[in-house]
1. Could you list, in sequence order, all residues of region 31-45 that are surrounded by fewer than 17 Cβ atoms within 10 Å (Cβ to Cβ) and under 14 Å from M83 (Cβ atoms)?
2. Of the residues I143, I107, which is within 16 Å of the ligand (Cβ to nearest atom) and over 30 Å from Y228 (Cβ atoms)?
3. Scan region 203-231 residue by residue and report those that are free of Cβ contacts under 8 Å to residues at least 40 places away in the same chain and more than 21 Å from S110 (Cα to Cα).
4. Any idea how many residues of region 61-75 are among the aliphatic types (A, V, I, L, M), away from the ligand (no atom under 16 Å from the Cβ) and in contact (Cβ under 8 Å) with a residue 24 or more places away in the chain?
5. Taking the conditions exactly as written (in the same structural domain as A19 (by TED's automatic domain parsing) and either crowded, with 19+ Cβ neighbours inside 10 Å or over 29 Å from G239 (Cβ atoms) (or both)), does E105 satisfy them or not?
6. Looking at (1) free of Cβ contacts under 8 Å to residues at least 12 places away in the same chain; (2) over 34 Å from the mean Cα position of the chain (by Cα), which one does Q353 not meet, given that it meets all the others?
7. Quick one: in region 202-219, which of the residues that are near the ligand (Cβ under 10 Å from one of its atoms) and farther than 16 Å from G7 by Cα is surrounded by the most Cβ atoms within 10 Å (Cβ to Cβ)?
8. Take the conditions in contact (Cβ under 8 Å) with a residue 24 or more places away in the chain and either under 27 Å from R182 (Cα atoms) or among the aliphatic types (A, V, I, L, M) (or both) and apply them to G239. Does it pass?
Amino acid sequence: MVGFGPGAEEHMSFRAKSAIAESDVVIGYTTYIKLVKDLLEGKEVVRKGMTEEIDRCIEAYEQAKLGKKVSLISSGDIGVYGMAGPTYEVLLKAGWTPKSDISVEIIPGSTALSACASLVGAPLTHDFCSISLSDLLTPWPTIARRLDAVAQADFVIALYNPKSGRRTQQIVEAQKTFLKYRDPATPVAIVKSAYRRRQAIQLVRLDEMADQEIGMLTTVLIGNSSTYIEQGLMITPRGYSNKYNDITGDAKEGEQAGRSLTMGLEGWKACLREYLAQHTELSWEKIADYFNVPIGEVFSAIAQAPDDNNLNYQAAKIDSHHLNQAVNACKKWGRLRGVIRTESGAIVELFLQGEEFKQKADWLSIENDAFHLHINWSKVSSAYFAARKDKSYGLHFFDQHGQLVFRVLLTKQEGGFNSTLLNSFQQDWQLLGQKEIQE
Ligand SMILES: C[S@@+](CC[C@H](N)C(=O)[O-])C[C@H]1O[C@@H](n2cnc3c(N)ncnc32)[C@H](O)[C@@H]1O
């Protein structure tokens, strides 16, 4: 299985060329056969149409069974949206194993995304991913969900199979999805027939993308939030500016060459706590937004603070097998403010008595004359006690993604917290929290 790169012979690997040279038979899609025609003299050539992919695999196996050396060729990398997968599926279904007499070799090639990137600058020097817009074999909702996830996660993205004569709206839908999360001016490279005769390159803005000439032989590269165009080059920074004053200058204060950033895995929670200490006015939600993390991570960071840390905030995780006890505990804390956030952004605040909570199967409910509240308890996977001195004391429940399911907070009476109820809250914290509350 030979990936011969984007098209031009000089971009073909040495092994790809030698494999074709060694072969008795070369099998491929008509266009691919044309691209390697100079290497085919004296060989048996089997040309197949675009939709005959499985036929190509079967033909390759049949020819190999006759004792011939066969090259099944594909442009780019044969393992990237290529024939490697279907060929193994056909072989394994036919009873072939890696130990059988017919040996199989996959020869990698330069795939379209790296070939196209090389022609426009350096757009892929940070995290990227690829999505094929072809819905011939993949349901559109699957493609749409992936587009949404990567658009949101700020990956640079390569769109393979962006458009064809029949499939014209997929690129329009992709553009709409990206515009939900990215600046309309985000750079986009549209590269057609890279390293082939009709090579054409367009550098445009995201909001112009779907109006351009795009076809079957085009790959579209969409930048992330830091990608820029300068001197006609599309560049995605590697992140040197996070650490160094200038790309060739000294490390910034607190950063060390060869070490994780202060905002790396080891350090970022300490950074968050420092930010919290400096911004006492900000809500937990605002802190989570600032660090672009689920709110549960904010509580986890506070709960992991060293004991001597004099924070305005404190939090303690509750053991997962104590979650029911935590709900029972709040029954003793008098009048409470319940806060529920819906996924679509509505915030519901209710005054309730913890003792009204009733647990039935998967539901935690309160039904009274004023409201019916039903919380899907099976969604709750972690909980934290949290306190903000003299301002807020309560219990916060999160789902497995760290999103808030609900919280209950002690309420003030006549401008202050009732000391008996606050004592009761603190005792429950000492009993159920993994970390003690500090006075
Ligand atoms: C079925 S995929 C095959 C991908 C191939 N195996 C690879 O690794 O590049 C076909 C898609 O690859 C992209 N493509 C392949 N060759 C290309 C080239 N020379 N220039 C631009 N895009 C190309 C286009 O998006 C095209 O629709």
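The values are calculated or read from the model by the stated rules, or taken from the named source; none is laboratory data. Computed from a prediction, not measured in an experiment: that's the story for all the values here. Backbone-built Cβ (ideal geometry, glycine too); neighbour counts: all protein chains shown.
1. Listed by number, the list holds a single entry, T31.
2. Residue meeting the stated conditions: I107.
3. Selection gives V204, R205, L206, D207, E208, M209, A210, D211, Q212, E213, E230, Q231.
4. Looking only at that region, the number is 2.
5. Details: in the same structural domain as A19 (by TED's automatic domain parsing): no; either crowded, with 19+ Cβ neighbours inside 10 Å or over 29 Å from G239 (Cβ atoms) (or both): yes.
Considered against the rule, which asks whether it is in the same structural domain as A19 (by TED's automatic domain parsing) and either crowded, with 19+ Cβ neighbours inside 10 Å or over 29 Å from G239 (Cβ atoms) (or both), E105 comes out as no.
6. All conditions pass for Q353, except number (1).
7. So, considering only residues that are near the ligand (Cβ under 10 Å from one of its atoms) and farther than 16 Å from G7 by Cα, the one surrounded by the most Cβ atoms within 10 Å (Cβ to Cβ) is I214.
8. Numbers: in contact (Cβ under 8 Å) with a residue 24 or more places away in the chain: yes; either under 27 Å from R182 (Cα atoms) or among the aliphatic types (A, V, I, L, M) (or both): yes.
Considered against the rule, which asks whether it is in contact (Cβ under 8 Å) with a residue 24 or more places away in the chain and either under 27 Å from R182 (Cα atoms) or among the aliphatic types (A, V, I, L, M) (or both), G239 comes out as yes.
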